[in-house]
Amino acid sequence: MKRRTALQVIAGGVAAEQLGAAQHHLVTLAQAPGSYKLQFFNPAQNEMLEQLAEMILPADDHSPGAREAKVSLFIDLMIAHSSRESQELWTSGLKLVDAEAQKRFERPFSKCESAQREQILAAMAAGEAEPKTALEQFFARLKLMPIDGYYTSAIGIHRALQYKGNAVLTELPGCRHTDH
């Protein structure tokens, strides 16, 4: 066997092993989120992710928010199985959020009051269309992950979207709007 072929086989085996581990943890997270153990972020970082995710997808009278859907654990799982570069971007991004909180309010983000956290999130989102600062660039990344986690959770799919599952239609009723 050629060296290149051997390396490809080994790399394929490692990737398959990592994928298997990620799938196992994803099933655990879906079935018993209380038994999930953080794999990448520490508890303080997870708390910050919970706060940020809930700000992005808050609970309302229609459905629970990101905190109840355990979105921060989904983020932890995804980042734990991501590239080293992606992991560094997330840890440095969370440090930037804390630095912004320190600069503005002289306390870590998780210790800020709700209105203060909203000001920080607004500053992060200010350049959303064309992020220029590292904090704005992190927000672009941060915003997508809670959405992915939420709408792939049971809460997001069934309670927020009210998906009932595939159903066979026995007829096509057509448009029911009176305007048509």
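The values are calculated or read from the model by the stated rules, or taken from the named source; none is laboratory data. Everything quoted here is computed from the prediction, not taken from an experiment. Cβ: placed from backbone, ideal geometry, glycine included. Neighbour counts: every protein chain shown.
I need the full set of residues from segment 56-88 which are in a helix (DSSP H, G or I), out of contact with any Ser or Thr (no Cβ under 9 Å at 6 or more places or on another chain) and under 22 Å from residue 120 (Cβ atoms), in order please.
Residues satisfying the conditions are 56, 72, 75, 76, 88.
Looking at (1) part of a helix (DSSP H, G or I); (2) in contact with a helix residue (DSSP H, G or I) (Cβ under 6 Å, 6 or more places away or on another chain), can you tell me which one residue 127 breaks?
With respect to (1) part of a helix (DSSP H, G or I); (2) in contact with a helix residue (DSSP H, G or I) (Cβ under 6 Å, 6 or more places away or on another chain), residue 127 is out only on (1).
Would it be correct to say that residue 109 is of a type in the set (A, V, I, L, M, F, W, C) and closer than 17 Å to residue 45 by Cα?
On the way: of a type in the set (A, V, I, L, M, F, W, C): yes; closer than 17 Å to residue 45 by Cα: yes.
Answer is yes for this residue.
Against the conditions (1) out of contact with any Gly (no Cβ under 8 Å at 6 or more places or on another chain); (2) closer than 19 Å to residue 50 by Cβ, where does residue 66 fall short? Just the number, please.
Of the numbered conditions (1) out of contact with any Gly (no Cβ under 8 Å at 6 or more places or on another chain); (2) closer than 19 Å to residue 50 by Cβ, the odd one out for residue 66 is (1).
Tell me the residue from 146, 173 that is at pLDDT below 90 and within 16 Å of the chain's Cα centre (by Cα), please. Can you show your working first?
Numbers: 173 fails: within 16 Å of the chain's Cα centre (by Cα).
Answer to the selection: 146.
Looking at 89, 57, can you tell me which residue is in the same structural domain as residue 145 (by TED's automatic domain parsing), buried (at least 19 other Cβ atoms within 10 Å of the Cβ) and either closer than 21 Å to residue 140 by Cα or modelled with pLDDT of 95 or more (or both)? Let's see the steps before the verdict.
Working: 89 fails: buried (at least 19 other Cβ atoms within 10 Å of the Cβ).
Within the list 89, 57, the selection yields 57.
In segment 97-123, which residue that is in contact with an Asp or Glu (Cβ under 6 Å, 6 or more places away or on another chain) and within 14 Å of residue 55 (Cα to Cα) is surrounded by the fewest Cβ atoms within 10 Å (Cβ to Cβ)? Talk me through it step by step, then tell me what you get.
Looking only at segment 97-123, we keep the residues that are in contact with an Asp or Glu (Cβ under 6 Å, 6 or more places away or on another chain), and these are 108-110, 120.
Adding the requirement that they be within 14 Å of residue 55 (Cα to Cα) leaves 109-110, 120.
On the way: 109: 24, 110: 16, 120: 21.
The selected residue is 110.
On the basis of being farther than 24 Å from residue 40 by Cα, surrounded by 15 or more Cβ atoms within 10 Å (Cβ to Cβ) and among the polar types (S, T, N, Q), does residue 63 make the cut?
Taking the combined requirement at face value, the residue satisfies it.
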